[in-house]
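Presented below is the structure to which this report refers.
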Amino acid sequence: MGDEGPGRAAANGPPASSVFSRSQIESLLPQKPPFLFLDEAVVEERGVRAGYLLRGEEDFFRGHYPGNPTTPAAIVFESLGQAGCLWLRTVGAKGRSGEILFAASDGARFLRKTGPGDRLALELRVARVLGRAACFSGIVRVGGLEVARVKRLTLIVLDGSRPELG
């Protein structure tokens, strides 16, 4: 990968991407188990592709439709938010330690049920950056089928730093 670093274009090539393991993600995000919903991620200049396996041992399955364990939609959208937070930590507001908070969402739709054994395939794209806020659009798939989408998910950096696009 050379000297280009996360989110920077390689010489005479496509934009660089960085691959992150669960332990690397855990070191970068404020969310920790049992509330970390990313197992791996590929971060690029304009977005994130990530995955999370619903193992069935997550505590929310015990009480969310007992006998018919169903992932709460909020958890699916939280995973997209965590992907956005990872983008901000590694590309958009790289090197800054300010708290990143969920600010808003528009056009969120949950289309199919998910549960134990499903692998969430997340795709989050940067739509725009405005001041301290970054807006994303996202899709979540399981086995190639779309299970959720959000037209706009907005995260804000609280330390006053401004996210940047390369």
(request) Sort 129-135, 107-113 for me by packing, meaning the mean count of neighbouring Cβ atoms within 10 Å per residue, highest on top. (result) 129-135, 107-113
(request) Sticking to Cα atoms, compute the Rg of the range 74-166 to one decimal and its Dmax as the biggest Cα-Cα distance, whole number, in Å. (result) 13.5, 40
(message) Can you match Rg/Rh (Cα atoms, Kirkwood Rh) to one of these, (i) 1.00; (ii) 1.05; (iii) 0.98, based on a calculation from the structure here?
(response) (iii)
(message) Can I get the semi-axes of the range 27-116's equivalent ellipsoid? Compute them from the C-alpha gyration tensor as square roots of 5 times the eigenvalues, in angstrom, largest first.
(response) 26, 14, 12
(message) Using only Cα atoms and rounding to the nearest 10 degrees, what angle (0 to 90) does helix 73-87 make with the longest principal axis of the chain?
(response) 20
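Read-outs throughout are calculated quantities, based only on the coordinates presented, and are distinct from any laboratory measurement. All of these numbers come straight from a predicted model, not from anything done at the bench. For neighbour counting, all protein chains shown are included, and Cβ atoms are generated from backbone atoms with ideal geometry for every residue, glycine included.
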